[in-house]
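Student: If you scroll down you'll find the structure; I have some questions about it.
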């Protein structure tokens, strides 16, 4: 009886000692955040508590089936932190140390087993249930410390990443830095794709791998899988949906991939790219925790990249402004030199009689050129301030183009060019300002004349389908590079703004064309196969139906909105009431709603002639509205009236289906004119 009692008492003392050891280790783990300190303390504690010769903590290496001896007691000198073992080599290692008995438990991790905690003796020992529970409790403390250490390293990594990412003001350099940061911390492969224009194709800007010599393979192999920018799912789906794509199991034998994460790069509510994290050699299997870390890195990288993009755009705008002021000074002083020089010579009486007429012609020609220059500058100012006025009537576009052609013929002949025209015999009726549409055609012709070398060809054609008239001006000039083509209609942008440029001008003629065409409810585009291949400009304007006797569908004044129903979709009450009051004052019947749902109901029941919609709306936005409207059998003209005024915002609105993009604030009279224009085309 005494023997049993003594045995129970001894077991109780051992259990109390084990519990105290576990509590002490837990307190120590809270105080010590460094695994290099905590793990050696843990193995010594286990050795003392269980009275064993050997204790080991093995960390499973993610890149193989081997494990590293992270901490230990009793092993040969130099083994800890150096020896890596598989199951087979571990057996030999233990045998070399004379191990007879042992007990091991798994150390858990956030996604998979992190490692093993084991004890061994050189004498035979039957470990009991209390030993197992104790060792498991120690393993749990170690696992919690491992997870805390991993979280701390993730935070440190993200902090370092933020510092590194923010150090660069180059857009693509920032994205390449992002890829380098991700390997090997988060993945074995990293791919970065970006989209430069709304709705455009993704292009790859960075590929990074553990082994830099294999990166070329990542550039070459991108077709037929989730990493293919042209595939309907994967990269393309993430860009268009703005949501991440986690694929714990993803097999790609070409690159040896086994797991994949696709994370959007989103800044200021715009997804402009995707970063792909792929596991290969490490055999990781990504999970929700990995995705959360990748999303946080992508969020910081997207913000840094977008800031770099904005900085580059601002720098570019400043350079463009400086270049414009330089060019403006040149363009103003050049005609002034001729005017002032000849005027002073005429006044001095030193001009021969036969040269007087030539002097007067030179003064007049340069004065006209300078007047046109000032008019263009005033037009740009009016466009920027939203005070550009149109005198809108139903007119024959064929006649407008013919007038512009006649005005341009002397310049065509003087430049030694061949002009070919293809015009219809029947009228093409549009609603517009005759003078401004002549300006559109004239600017396109002037652009073609300026850049086409002597002996070249200019072709002007006018055609129509059931809804739109289409004016095309094509030339055999130097063409446009792919880099400059997206900016050809930007104000103050020129393909060559250097001091050695061949052609003069301010670079605002095509910008005026774009704004005038958009004010007429149309669109303009440019195309070129590249340098040396010429270029073509296409203007599309909505046709209107008029009777033989009716020559004016839409007058210059928006008072012609009598009988026009206008639906206003605006969630800001003050703005909505202002628009309703203004358009009602021009004779329109108005109805205001605050959401896409209410707007669709009003379209179905009230059948407005024109919709004026904000882009930022509660619930679904203005893009969702225009998408739903364009699915209806009746195409109701729509105006995007919005505070989003960047060029990409305008392009996105027009691409989505809006006829006109008008920035806030808007002059009521100008809005009335545009509404009248669109209503006249319904």
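Student: Among residues belonging to the stretch 13-31 that are without any contact (Cβ under 8 Å) to a residue 60 or more places away in the chain and farther than 19 Å from residue 143 by Cβ, point out the one that is surrounded by the most Cβ atoms within 10 Å (Cβ to Cβ).
Tutor: Selected residue: 17.
Student: Here is a follow-up. Are any residues in the stretch 448-473 under 20 Å from residue 414 (Cβ atoms), at pLDDT below 90 and either surrounded by 18 or more Cβ atoms within 10 Å (Cβ to Cβ) or in contact with a strand residue (DSSP E or B) (Cβ under 7 Å, 6 or more places away or on another chain) (or both), and if so, which ones?
Tutor: Selection gives 451 alone.
Student: Is it the case, given these coordinates, that residue 341 is in a loop (DSSP other than H, G, I, E, B) and more than 30 Å from residue 465 (Cβ to Cβ)?
Tutor: no
Student: Ok, one more. Examine the stretch 234-244 for a residue that is within 21 Å of residue 288 (Cα to Cα), in the same structural domain as residue 289 (by TED's automatic domain parsing) and in contact (Cβ under 8 Å) with a residue 60 or more places away in the chain, and state whether such a residue exists.
Tutor: There is no residue in the stretch 234-244 that is within 21 Å of residue 288 (Cα to Cα), in the same structural domain as residue 289 (by TED's automatic domain parsing) and in contact (Cβ under 8 Å) with a residue 60 or more places away in the chain.
Student: Just checking, does the stretch 652-663 include any residue being assigned to a loop (DSSP other than H, G, I, E, B) and farther than 21 Å from residue 511 by Cβ?
Tutor: Yes, because at least one residue in the stretch 652-663 is assigned to a loop (DSSP other than H, G, I, E, B) and farther than 21 Å from residue 511 by Cβ.
Student: Looking for something in contact (Cβ under 8 Å) with a residue 40 or more places away in the chain, surrounded by fewer than 16 Cβ atoms within 10 Å (Cβ to Cβ) and not in a strand (DSSP E or B) - is there at least one such residue anywhere in the stretch 619-638?
Tutor: Within the stretch 619-638 (the criterion being in contact (Cβ under 8 Å) with a residue 40 or more places away in the chain, surrounded by fewer than 16 Cβ atoms within 10 Å (Cβ to Cβ) and not in a strand (DSSP E or B)), the answer is no, since none of the residues qualifies.
Student: Let me ask something else. With respect to residue 372, determine if the residue is in contact with a strand residue (DSSP E or B) (Cβ under 9 Å, 6 or more places away or on another chain) and in a helix (DSSP H, G or I).
Tutor: No: the conditions fail for residue 372.
Student: Is it true that residue 409 is over 37 Å from the mean Cα position of the chain (by Cα), without any contact (Cβ under 8 Å) to a residue 12 or more places away in the chain and either more than 30 Å from residue 318 (Cβ to Cβ) or assigned to a helix (DSSP H, G or I) (or both)?
Tutor: Yes.
Student: Under 30 Å from residue 185 (Cα atoms) and either in a helix (DSSP H, G or I) or over 25 Å from the mean Cα position of the chain (by Cα) (or both): which single residue out of 301, 359, 317, 355 fits that description?
Tutor: The conditions single out 301.
Student: In addition: Confirm whether residue 78 is at pLDDT below 90 and farther than 28 Å from residue 285 by Cβ.
Tutor: yes
Student: Can you list residue pairs whose Cβ atoms sit under 6 Å apart, with the first residue in the stretch 303-327 being assigned by TED's automatic domain parsing to the domain that holds residue 265 and touching a residue at least 60 places away in the same chain (Cβ under 8 Å) and the second being surrounded by fewer than 17 Cβ atoms within 10 Å (Cβ to Cβ) and assigned to a helix (DSSP H, G or I)? Count only pairs 6 or more apart in sequence or on different chains.
Tutor: From residues that are assigned by TED's automatic domain parsing to the domain that holds residue 265 and touching a residue at least 60 places away in the same chain (Cβ under 8 Å), the pairs are 304/166.
Student: Which number in (1) surrounded by 16 or more Cβ atoms within 10 Å (Cβ to Cβ); (2) in contact (Cβ under 8 Å) with a residue 24 or more places away in the chain marks the one condition that residue 580 misses?
Tutor: Single failed check for residue 580: (2).
Student: Still on this structure: Looking at (1) in contact (Cβ under 8 Å) with a residue 40 or more places away in the chain; (2) surrounded by 14 or more Cβ atoms within 10 Å (Cβ to Cβ); (3) more than 16 Å from residue 671 (Cβ to Cβ), which one does residue 614 not meet, given that it meets all the others?
Tutor: Of the numbered conditions (1) in contact (Cβ under 8 Å) with a residue 40 or more places away in the chain; (2) surrounded by 14 or more Cβ atoms within 10 Å (Cβ to Cβ); (3) more than 16 Å from residue 671 (Cβ to Cβ), the odd one out for residue 614 is (3).
Student: Quick one: in the stretch 178-215, of everything that is over 16 Å from the mean Cα position of the chain (by Cα), in a loop (DSSP other than H, G, I, E, B) and within 17 Å of residue 264 (Cβ to Cβ), which residue is modelled with the highest pLDDT?
Tutor: Per the criteria, the residue is 187.
Student: Filter the stretch 645-672 down to the residues that are closer than 12 Å to residue 586 by Cβ and modelled with pLDDT of 85 or more, then identify the one that is surrounded by the fewest Cβ atoms within 10 Å (Cβ to Cβ).
Tutor: Filtering the stretch 645-672 for residues that are closer than 12 Å to residue 586 by Cβ and modelled with pLDDT of 85 or more, the one surrounded by the fewest Cβ atoms within 10 Å (Cβ to Cβ) comes out as 671.
Student: Sticking with this one: Filter the stretch 276-306 down to residues that are more than 30 Å from residue 66 (Cβ to Cβ) and touching a strand residue (DSSP E or B) at 6+ places or on another chain (Cβ under 8 Å) and give me whichever is modelled with the highest pLDDT.
Tutor: 295
The values are calculated or read from the model by the stated rules, or taken from the named source; none is laboratory data. This one's a predicted model, so the numbers in the text were calculated from it and none came from an experiment. When we count neighbours, we look across all protein chains shown, and the Cβ atoms used for this are built from the backbone with ideal geometry, even at glycine.
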